[in-house]
Amino acid sequence: MEIAEILDFKFLGNTVLSYLYFLMFITIGSLIVIPLSSYLLKFLFKFFGKVSNQKNSEKFNSLLKKPLKYLLFLVVLYFSSMALDLSQFMSNNEGSLGIVDIISKTFNLLLLIIIFWIINRVIEFVGFKLKNRALETESKVDDQVIPFAVDMAKVITILLGIVMILGNVFNVNIAA
């Protein structure tokens, strides 16, 4: 058996070469995720951090490093999956779900969870910065209002996330 025959061998509707491309894209993407996430963290810190000090930078990195890596890996996985042809797994019946539909719903669910996780962490960082500023003032009112406002923003974000996730899972269209 020649290498060309092995690479053209079809398994689950895809050639071995397609699976190798998929694995190559995931491997290269995984290697790119770490430096790209570091660059994005620095860029986002400049956007949200304004004043650069070590304490703020460490807090920002500790809050956003993990969800940002998950987001980037999810994007890599999405683009890597384009190397595979999943048309044979598409649902043929009008009311039934196929494997592609389930994978798509799962991807959208994970994407929404990670995006709202990142938004929640950004709110937490902004609250951290505001608390530090409030400690510098003489008034104690802002020391009490800022944690309440941060918690309220988190609750609103979580509720909005839950509504969007439920809308995605149950395919609810609210448009009238």
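The values are calculated or read from the model by the stated rules, or taken from the named source; none is laboratory data. Everything numeric here is computed off the predicted structure, so don't read it as measured data. Positions of Cβ are generated from backbone atoms using ideal geometry, with glycine treated the same way; all protein chains shown enter the neighbour counts. Please note that ligands, DNA and RNA were not included when accessible areas were found on the heavy atoms of the full protein model with its side chains. Shrake-Rupley method; radii C 1.70, N 1.55, O 1.52, S 1.80 Å.
Miscellaneous remarks
- The calculated FRET efficiency for D151 paired with Y19, based on their beta-carbon distance and R0 = 45 Å, is about 0.40.
- Reachable lysines from K55, criterion Cα separation under 27 angstrom, eight or more residues apart if same chain: K42, K46, K65, K66, K69, K129, K131, K140, K154
- Each label point was placed 7 Å from the Cα along the Cα-to-Cβ direction; for R133 and L160 their separation is 2.0 nm.
- Of all accessible heavy-atom area on the stretch 105-176, the percent that carbon and sulfur account for (1.4 Å): 72
- Label zone (E5, point 7 Å along Cα-to-C-beta; backbone nitrogen cut-off 11 Å) within the stretch 13-27: none.
- Fully extending the segment from K55 to I115 would add 19.1 nm, taking 0.36 nm per residue of separation and subtracting the current Cα-Cα distance.
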